[in-house]
Amino acid sequence: MSKPTPKLLDQVRDAIQVRHMAKSTETAYIYWIKDFLNFFKTQRGNWIHPRELSDQDVTQYLTYLATQRRVAASTQNQALSALLFLYRKILERKISFDAVRAKRPLHIPVVLSVQEVKSLLEHIPQGPQNVMASMLYGSGLRLMECCRLRVKDVDTDRKQIAVRDGKGQKDRMVPLPAKIADPISEQISRVGRLHQSDIELGAGNVYLPHALARKSKNLCRQLGWQFLFPSQNLSRDSRLTPHLPRETRVELRRHHMHPSGVTKAVKRAALKTGIQKRISCHSLRHSFATHLLESGSDIRTIQELLGHADITTTMIYTHVATTGATGVRSPLDFF
């Protein structure tokens, strides 16, 4: 049997892109579908089209992930979602199997105190990475939301930031901390100088979402659409980098800073502070929500600022707040 993988995966990619699903979702689904096909190729010695596999075969693969590879519950659910997408949307076949979605354990988020956040930010060298880390805490942004900010999304006069196309393709407004208003203005000036230099080199274009590039051909050269935290280097083919947008043309552009730069900066700062917690960039977002809750902010307001679709997701912060639902006094302190 001829190898069906390339054509099948192209269909999956097209279906995902038509639905405007996240690129990270595309990458994950492609990985699990490849792994699914390789599993049965190894077992049976040749490539087998998914149409020829039974519901029991799907169950066998999901069971293998849980029992032999011992993947996390969230990973197993991701593989299950990829296979459901393959069979329902591509092969248009209903499948039923015994394997159920693994129940994810409820982990309490890692939250820093105000003093710990201050110490962490002080140990990140001044510059774009320090500003980005400050925005993760001060505005409650996700890391990729911060990386993808454009110059036009920041309103220094009204002290607010527009988060465009966040998780779930939702827009929202978040506060711009007054303490970083000046560094943000300096960063915008830096982007302006860099953009002018790129234009002089014959570049200066930036990736535009969806059909904007076709509708407004000169929009990609405007300063407002440039990334607020640009990469140090120009790149020609964004298909080579998983974090960059999907591309069909090879064009010299300057994309946003790679998220790993901020991640490493936060990790290095955490080591220097000596804080004995498992700190990541997302810990700053958790701390933002918890500190707002402790200061008396309404849980619904926090939900809107974080961009959570379900209030139960935001309610997790009541488990770590020192005031509110769980901010009780220990009976040992009564005497």
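Read the figures in this text as sums done on the coordinates, not as results from a lab. If you're wondering where the values come from, they're calculated on a predicted model, not measured in any experiment. Neighbour counts run over all protein chains shown; Cβ positions are idealised from the backbone, glycine included.
Structure above, values below:
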read-out	value
Under 5 Å, built H, 5+ apart or other chain: amide partners of His256	Ser231
For the chain, built as a Gaussian network whose Cα springs stay under 10 Å, the top-fluctuating residue of Arg278, Arg148, Arg44	Arg44
Residue among Ala72, Leu228, Thr322 farthest towards the positive dipole end of the chain, charges placed on Cβ	Ala72
Under the span-like rule (Cα at least 30 Å along the axis, Kyte-Doolittle mean at least -1.0), DSSP H helices of the chain	23-44
Beta bridges by DSSP in the chain, antiparallel share as percent, to the nearest 5	90
Rg over Rh, two decimals, the chain (C-alpha only, Kirkwood Rh)	1.01
FRET efficiency, His49 to Ser96 (Cβ-Cβ, R0 22 Å, nearest 0.05)	0.65
Cα-based reach from Lys277 at 13 Å (exclusive), listing aspartates and glutamates while leaving out same-chain residues under 8 positions away	Glu116
Pairs from Lys118/Lys264; Lys7/Lys215; Lys23/Lys89; Lys159/Lys267 whose Cα-Cα separation, in the structure shown, is over 21 Å	Lys7/Lys215; Lys159/Lys267
Amide H partners (placed H, <5 Å) of Leu228, local residues excluded	Leu149, Arg150, Val151
Rounded FRET efficiency, nearest 0.05, which uses the C-beta distance separating Thr59 from Asp165 and R0 of 45 Å	0.80
Stretchable slack from His282 to Ser74, in nm (0.36 nm times residue separation minus alpha-carbon distance)	73.2 nm
Pair Leu212, Ser113: separation of 7 Å Cα→Cβ label points (nm)	4.3
The chain - mean residue ellipticity at 222 nm from DSSP helices (-39,500 (n - 2.57) per run, n ≥ 4, rounded to 500)	-14000 deg cm²/dmol
Pairwise FRET efficiency - Gln222 versus Ala181, Cβ, R0 = 22 Å, nearest 0.05	0.45
Local electrostatic count at Gly224 - Lys and Arg +1, Asp and Glu -1, tallied over other residues with Cβ under 10 Å	+1
Reachable aspartates and glutamates, given that their alpha-carbon falls under 19 Å from the alpha-carbon of Lys34 and they are not under 8 places away in the same chain	Asp10, Asp14, Glu26, Glu52, Asp55, Asp57, Glu92
